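Read through the structure below, which is laid out as structure tokens, and then see the notes.
Read-outs: derived from the displayed coordinates by stated rules, not from any lab. For clarity, every value in this text was computed on a predicted model and none was experimentally measured. Glycine also receives a Cβ, built like all others from the backbone with ideal geometry; neighbour counts cover every protein chain displayed.
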Amino acid sequence: MQVIEIPCQLLNLNKYFPMKRTFIAVDVRAGEQMTRMIEESRKILRDEKIRWVHPQKIHITLKFLGDTAEEDIPAIITELNTALSDFPAFTMRFKGAGVFRNLHDPRVFWIGIEAGDDLSSIRNKLEDTMNGLGFEREEKSFSPHLTLARIKYIRRKDLLKELLEKYKETDLQETQVKKIIYYESILKPGGPEYIVLSEIPLRD
């Protein structure tokens, strides 16, 4: 009997192993002062080519897993609950604003975060845990921030500079973090849709 080998790239593996785009994050609910800052920024920069994050979808990504086999998700949730069971709830302070790369070539508009060692410790634990499940470690150093917008092109950099100057030392809000959320992200033309796969509580 002749055996015909089929190249792996010709197989539609996703047909047999459905994939989901997933990530682990801290959910953020904008309070009154942060909401005012976001609304002011959007108004001032309304004529620029900027993609703003929907206010109800802002979050802090701790670990992006990317394409994840659907059959692996229950095991990931189990490992997350085990890994985070000893971490206590903590408080984050949102303060100041900035951009990545820089003011001459801005790409991301963000709010700064002060969370002591709590957030970094959880992130490091997630890196260890997910690496044990086969997910690659993030090579970039962890720089906690809250992404408000991604900038495609901006003409009036002077307006952006004024916003950064105005809010660079402003305390915008405090938030108590009581849980970490495992999300599925579904990409859509109008922006991503986030579906909660699991909420992992932190210790009281």
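Tabulated data for the structure shown
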quantity: Vicinal HN-Hα couplings computed from phi for region 55-61 (Karplus, 6.51 cos²θ - 1.76 cosθ + 1.60; Hz; Gly/Pro x); calculated: x, 7, 10, 5, 7, 10, 6
quantity: On Cα atoms only, tilt of 118-132 relative to the major axis of the chain in degrees; calculated: 20 degrees
quantity: Eligible aspartates and glutamates near K95 by straight Cα distance, threshold 13 Å, same-chain separation 8 or greater; calculated: E114, E165, E169, D171, E174
quantity: Relative contact order computed over the chain (Cα-Cα under 8 Å; 6+ residues apart), in percent; calculated: 31 percent
quantity: Relative contact order (percent, whole number), region 117-204, Cα cutoff 8 Å, 6+ residue spacing; calculated: 17 percent
quantity: In degrees, nearest ten, helix 73-84 long axis to first principal axis of the chain (Cα); calculated: 50 degrees
quantity: Dipole moment magnitude, nearest 20 debye, the chain about Cα centre, only Lys, Arg, Asp, Glu C-beta charged; calculated: 1080 debye
quantity: Loop sites in region 31-103: trypsin sites (Lys or Arg not before Pro), DSSP, at most 12 other Cβ within 10 Å; calculated: R46
quantity: Prolate/oblate/rounded call for region 19-201, Cα gyration tensor, a/c under 1.5 rounded; calculated: prolate
quantity: Point-to-point label distance, Y153-E39, nm (Cα→Cβ direction, 7 Å offset); calculated: 3.1 nm
quantity: Region 23-75: relative contact order in percent, alpha carbon pairs under 8 Å with at least 6 residues between; calculated: 63 percent
quantity: Between helix 32-44 and the chain: long-axis angle, C-alpha atoms, 0 to 90°, nearest 10; calculated: 80 degrees
quantity: Linear extension gain, K188 paired with S85, 0.36 nm per residue minus alpha-carbon span; calculated: 33.7 nm
quantity: Distance (nanometres) between label positions extended 7 Å along Cα→Cβ at D67 and M19; calculated: 0.2 nm
quantity: Region 168-204 versus region 60-78: alpha-carbon centroid distance in Å; calculated: 15 Å
quantity: Residues in region 127-152 that a label on S120 would reach, taking backbone N under 17 Å of a point 7 Å out along Cα→Cβ; calculated: 127-128, 138-146
